[in-house]
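What follows is calculated from the coordinates using simple rules that are stated; it is not laboratory data. Just so you know, these numbers come straight off a predicted model, no measurement behind them. Cβ: placed from backbone, ideal geometry, glycine included. Neighbour counts: every protein chain shown.
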Amino acid sequence: MSVASICRAARVANGTFYQYFPDKLALFQALVERLRQAFHTALQGARGIDQTAQRLFDVFDEAGSLFQIYREAEFLAVPHPRRTFYDEAVGRLAAALDVDEGTAWGVFGALVMAGLHFGVWEGRSVPSAIREEMIEVVARGIAAGRDSPWQDLAWPAPPPPVVEAVPLGKGEQTRRALVAMARRLFAGQGYAATHVAQIAAAAGVGLGTFYGHFGGKRELLAHLTESIREEMRTWVRAAAAGAEDHPLEAERRIFLAFLGYIRQHGDVYRIVREAEFAEPEIGRRYYHGIHADRIVFLSRAQALGQVRPGNPAVQACYLMGVEALAGLRWVLWHEGDRLPADGLRATLRLIFHGLAAG
């Protein structure tokens, strides 16, 4: 968004903008400061998961637009999101809950996902009943019993490479080349800044050939996000194979497989995040698809008696939030070649046993 478009929306002259801010970055930093203050005020004096979570849900209800602005800018050329917001917010949350950093990151992810699911994708406040159910899951985790494989960090093997049964036709080769080039360009310079002509040129074809495969950039983005979701599902299914009757072991593998996938395909966060803002319906469809898969998994796990009875939709939201922020914190934002065992175990312990494990 340009300064001019901001001024048009605010119905002020461009010169008025520069009386208050030297550039867009300064405006962004002012909005981040408002967000920081909202979280600081909410968590001041908070103790325990009930009080803390209720206050944070109120923040998402009242200042959700600020958090959305921040999330939209996370993968753009702005100061690092960990330093400008997350580290401080998670640190305050850890103090309020009296937990370690790894656990606090997971709790924050779960509460954020609930806020996004209702506040952004459904356009309403988090209902009181959902708040209570999410707090219960955070407090106790998903495991029905006290035993779980949370200490086991044995990494599942990635899925084997796909070998086509028959050679691809020229048309399918071209289509895949367009998707591959779009993925590279969207991840590198962003969806909004990428033009159809650039994608076609990178794939070595003309514009007419592009439009023979896709109606436009939006259709290509929809195809790409769906292919990313299917790619991720392939990793997850391969990891969980053989553990169908042992859902907690399957979940352990799914979590680690997800991190392994992100480690190899870090581009998905930016692509999916930008889709969420540039084309909201595509972003919603992506997240709702993952949410639906998790509901099926958890419903079966409950039937087997290995996951606590409860609303599987809330439990699915919990897992998605914990795992999504773990991918950011322990993979994309981690400094070092080896992922930290303590952080991963803290996350798995939270998934299975919640804060009660501490």
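Data table
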read-out	value
Separation between Cα centres of region 76-126 and region 30-70, rounded to whole Å	9 Å
Calculated from backbone phi, Karplus (6.51, -1.76, 1.60) coupling profile of region 220-236 in Hz, x at Gly/Pro	5, 4, 4, 5, 5, 5, 5, 5, 5, 4, 5, 4, 5, 4, 4, 4, 5
Along principal axes, Cα extents of the chain, largest first, whole Å	64, 60, 38
Charge-dipole axis of the chain as Lys and Arg at +1 and Asp and Glu at -1 on Cβ define it, positive-most pick from VAL307, TYR70, TRP235	TYR70
Using θ = phi - 60° and Karplus 6.51 cos²θ - 1.76 cosθ + 1.60, couplings along region 242-247 (whole Hz; Gly, Pro as x)	x, 10, 4, 8, 10, x
Residue of GLY260, GLY102, GLY208 that the Gaussian network model of the chain assigns the largest fluctuation, springs spanning Cα pairs under 10 Å	GLY208
Fluctuation leader among GLY141, GLY305, GLY212 - the chain, Gaussian network, Cα springs under 10 angstrom	GLY212
Among ALA187, ALA139, ALA292: highest mean-square fluctuation, GNM of the chain, C-alpha pairs under 10 Å	ALA292
At R0 = 35 Å, FRET efficiency that the Cβ-Cβ distance of PHE21 and GLN189 yields, to 0.05	0.90
Cα centroid of region 130-203 to Cα centroid of region 322-346, whole Å	17 Å
Cα-projected label distance for ALA202 with ARG124, points at 7 Å along beta-carbon direction, nm	4.0 nm
